[in-house]
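First up is the structure itself, then whatever we jot down about it.
Quick note: the coordinates plus some simple rules give every number you see, no bench work behind them. Bear in mind the structure is a predicted one, so any value in this text is a computation, not a measurement. All Cβ positions, glycine included, derive from the backbone under ideal geometry; neighbour counts span all protein chains shown.
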Amino acid sequence: MKKILLAISFLVYHHQLFAQLPEDALRMSWTSPSGTAREQAIGGAMGSLGGDISSSFVNPAGLGFFKTSEMEISPGLRFLNANNDFRGTNSKGPMASNFNMGASGFVFGYPTRGNNSAAFSIAVNSMANFNSDVHYQGQNDYSSFAEQFAEEFANSNYTINQALSATDISYGTRMALYTYLIDTATINGVPQVISLPLNAGLLNQDYHAVSHGGITEISLGLASSLQNKIYIGGSLGIPIVSYRRHLSYTETDATGNPNNNFASFTYIEDYTSKGFGLNAKLGMIYKPTNNWRLGLAIHTPSIYGLTDNINASMVTNTEAYANTKSISSDSLDYYSNSTANPAQYNLHTPWRFLISGSYLFGGGVEDVSKQQGFITADAEYVTIRSAGYKSADPTTIADSYYNGVNDAIKNNYKGSFNFRMGGEMKFNTLMARLGFSYSTSPYAQTVLKANRMFISGGFGYRNRGMFVDLTYVQQISKDVNFPYRLADKANTYATQKFSGGTVLATIGMKF
């Protein structure tokens with residue numbers, strides 16, 4: 001716990017000087033299953049099955065099962081809502097929905113010498129979906145959003161005038177000083193930094209964050225089969241990140257007292273993060289018999305180059321203390337004749353290790369038209385606490401900041417397991433599928449409850465080189481959300497329960 005508090009203390013001091021926090025690394029690492037409608041219908045368990053373009057993103061060795069070529073596209077619609085509980089007050093957020101593209105592209109399969117074959121794929125897939133609308137509110141007699149700004153200013157050793165023009169102080173803290181949300185005072189002969197909202201004693205707090213974007217990956221895959229017994233493959237991935245968040249946070253005096261030097265404040269922030277990266281996936285599938293398939297895959301970390309921008313504003317009413325004042329980040333940049341935007345940095349995501357097994361009914365014959373079905377399962381380990389940041393310019397003070405963020409990641413998170421299983425039964429040209437996926441909590445503290453569960457089902461049709469797959473995936477998950485982080489006291493957070501679903505179709509043809 002002491003290490004966690006020290007790491008949080010470092011981050012609070014630099015809060016929003018650079019936008020990156022441990023939660024941002026988790027967002028890029030703790031992702032959900034994605035792929036074609038067929039893959040999603042069987043819970044995403046594609047580690048040993050093969051014969052699907054999704055293999056390029058799970059276990060590229062599965063591309064080695066292609067002996068002909070095909071093209072496909074996988075459009076879908078995702079919708080999600082959240083129930084949030086913050087300090088005993090339950091809030092239901094609005095529904096967030098968006099178009100979602102599953103694994104789509106081309107696979108070129110061809111026979112080689114002997115009883116061997118090879119395949120090459122060009123595919124694109126949505127690897128993460130960041131669209132959400134999180135809104136909660138409640139009363140707090142313990143802490144305030146303003147305290148993080150007071151902590152940063154107190155640790156900076158700047159005077160107020162120096163801090164207002166210092167670009168190594170966050171926009172939030174500089175705006176808090178300008179609007180008198182925080183100030184200096186001498187109490188019992190000791191100079192202190194004070195947070196005006198604490199004068200109220202009881203605060204109404206309202207948090208609302210609307211996020212958009214995701215990670216779209218372009219993959220180039222190559223695989224081959226050796227005597228239809230051993231399949232090996234690899235893929236090169238280029239993930240493209242686009243993330244936007246609009247945050248609105250408000251605190252008001254819940255006591256109604258007009259003479260305690262605090263009435264309200266609102267902080268608004270628009271944050272964007274964009275960039276791209278590079279990764280590799282390697283895999284092997286072994287068939288000890290025609291009925292069994294065993295798979296092994298390793299995903300290297302994605303190495304990203306990212307650029308962030310922040311625009312923010314604040315309005316504060318401190319009653320008779322300083323009345324109502326407002327300021328924006330653009331105004332602060334103008335006054336200081338400089339800007340903190342953009343922030344450029346590198347991020348590496350976790351390693352992933354996957355083992356898998358499949359059993360095929362009907363003798364496991366090579367002629368897919370005569371196969372009767374299968375059951376399959378994957379187990380994946382994600383080294384979430386190994387994710388980390390690095391400055392794009394090591395000569396700046398940013399490098400020491402990122403070391404602090406990396407320590408916080410190691411102390412706040414742990415490795416996560418993903419379990420996926422599914423099956424298919426074939427009835428001539430029609431197929432019926434069911435699947436299940438479960439992800440364990442990535443948090444080191446057991447008090448923070450989080451998991452993700454997906455239940456899926458779908459149908460498929462294949463005839464004369466044409467195929468259509470339809471799938472529905474139901475999501476049921478838990479998580480936590482911290483509206484702010486403090487170093488000198490326990491942090492308050494909202495518990496979240498998400499529910500929603502994805503409707504996905506894959507349409508394709510062989511050629």
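By DSSP, the beta bridges lying fully in the stretch 2-510 are antiparallel in about 100 percent of cases. Measure nothing but the geometry: give the 0 to 90° angle between the long axis through the Cα atoms of 146-156 and the longest principal axis through the Cα atoms of the chain, rounded to 10°. That helix lies at roughly 80 degrees to the long axis.
Here's how it looks for Ile327: its modeled amide H is under 5 Å from those of Met314, which are all 5 or more places away or on a different chain.
Rounded to the nearest 10 degrees, the angle from helix 398-412 to the longest Cα principal axis of the chain is 70 degrees. Working note: 222 nm ellipticity from helices only, DSSP H runs with n ≥ 4, each -39,500 (n - 2.57), summed and divided by the residues of the chain, gives -4000 deg cm²/dmol to the nearest 500. Per-residue packing, averaged as other Cβ atoms within 10 Å, sorts the ranges 182-190, 416-424, 257-265 into the order 416-424, 257-265, 182-190, beginning with the highest.
Placing +1 on the Cβ of every Lys and Arg and -1 on the Cβ of every Asp and Glu, with nothing else charged, gives the chain a dipole about its Cα centre of roughly 2220 debye. Of the peptides 129-140, 331-342, the ranking by mean beta-carbon count within 10 Å, highest at the top, reads 129-140, 331-342. When the listed pairs Lys325/Lys478; Lys281/Lys426; Lys390/Lys414 are checked against a 28 Å cut-off, the alpha-carbon distance exceeds it for Lys325/Lys478; Lys281/Lys426. Put in line by how crowded their Cβ is, counting other Cβ atoms within 10 Å and starting with the fewest, Met95, Met127 read Met95, Met127.
As a calculated quantity, the FRET efficiency between Ile507 and Met453 at R0 = 30 Å, using C-beta atoms, amounts to about 0.60. Annotation: peptides 290-303, 317-330, 58-71, ranked by per-residue average of other Cβ atoms within 10 Å with the highest first, follow the order 58-71, 290-303, 317-330. Across the stretch 163-177, computed HN-Hα scalar couplings (Karplus, 6.51 cos²θ - 1.76 cosθ + 1.60, θ = phi - 60°) run 5, 4, 10, 8, 6, 8, 10, 5, 4, x, 5, 5, 5, 5, 5 Hz from first to last residue, x flagging Gly and Pro. Farthest towards the positive end of the charge dipole of the chain, among the residues Ile187, Asn337, Gln148, is the Cα of Gln148, using unit charges on the Cβ of Lys, Arg, Asp and Glu.
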